[in-house]
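Chemist: Please find one structure pasted underneath; my questions will follow.
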Amino acid sequence: MAQLHFHWSDHKGRGSEHAFNGRTYSMEMHIVHFNKKYDNISESMHHKDGLAVIGVMFEITRKENPHLDAIIEGVRAVKIEGTEDFHSSPQFRQNPIQPTIKLENLLPNDLTLFFRYKGSLTTPPCYEAVTWLVFHDTTDIGL
């Protein structure tokens, strides 16, 4: 795994990059992998077989998801550069947050239902180097 990142919005159902039959979701997680035949993720972006990304949709429910706690705490600890909080927390700049999580706990229950297609990154420069595997079922994120 090269990286894990999220796309979300404060508007219900508009955070995901993918849509199923026109329906978007509150948040989408991307687990990014690169082909080891290339030296690094930057090089692999320039090859059609360079990247594989797993997409997981999150739906807001009343059910808590304790597996997201480490990530949520990490986001809460982020300081915006140029603010007083940022300048008063030198330990943050020296020790980036590295929560321990089990990725399988963030995946939907049914791993047999997914969409697979060749495409591009969802953010510029949108290299066409991605094999996407996007799960059909969602994972809960509690209010």
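The values are calculated or read from the model by the stated rules, or taken from the named source; none is laboratory data. In this text the structure is predicted, and so the values were computed from the model without any measurement. Neighbour counts run over all protein chains shown; Cβ positions are idealised from the backbone, glycine included.
Chemist: Among the residues of segment 115-126, what is the count of those that are in a loop (DSSP other than H, G, I, E, B), in contact (Cβ under 8 Å) with a residue 60 or more places away in the chain and either surrounded by fewer than 17 Cβ atoms within 10 Å (Cβ to Cβ) or in contact with a helix residue (DSSP H, G or I) (Cβ under 7 Å, 6 or more places away or on another chain) (or both)?
Modeler: 1
Chemist: In this structure, is residue 64 modelled with pLDDT of 90 or more, among the acidic types (Asp, Glu) and on the phi < 0 side of the Ramachandran plot?
Modeler: Judged against the criteria, residue 64 is not a match.
Chemist: A follow-up question, please. Got a number for residues in segment 1-57 being surrounded by fewer than 17 Cβ atoms within 10 Å (Cβ to Cβ) and of a type in the set (Ser, Thr, Tyr)?
Modeler: Final tally of qualifying residues: 2.
Chemist: Turning to a different aspect of this structure: Restricting to segment 100-114, name every residue that is more than 13 Å from residue 54 (Cβ to Cβ) and either surrounded by 11 or more Cβ atoms within 10 Å (Cβ to Cβ) or small (Gly, Ala, Ser) (or both).
Modeler: 101, 105
Chemist: Give me the pairs, please: first residue somewhere in segment 50-73 and assigned to a strand (DSSP E or B), second residue anywhere and of a type in the set (Gly, Ala, Ser), beta-carbon distance under 6 Å, and either six or more positions apart or on two chains.
Modeler: 51/44; 51/129; 57/16; 58/26; 60/26
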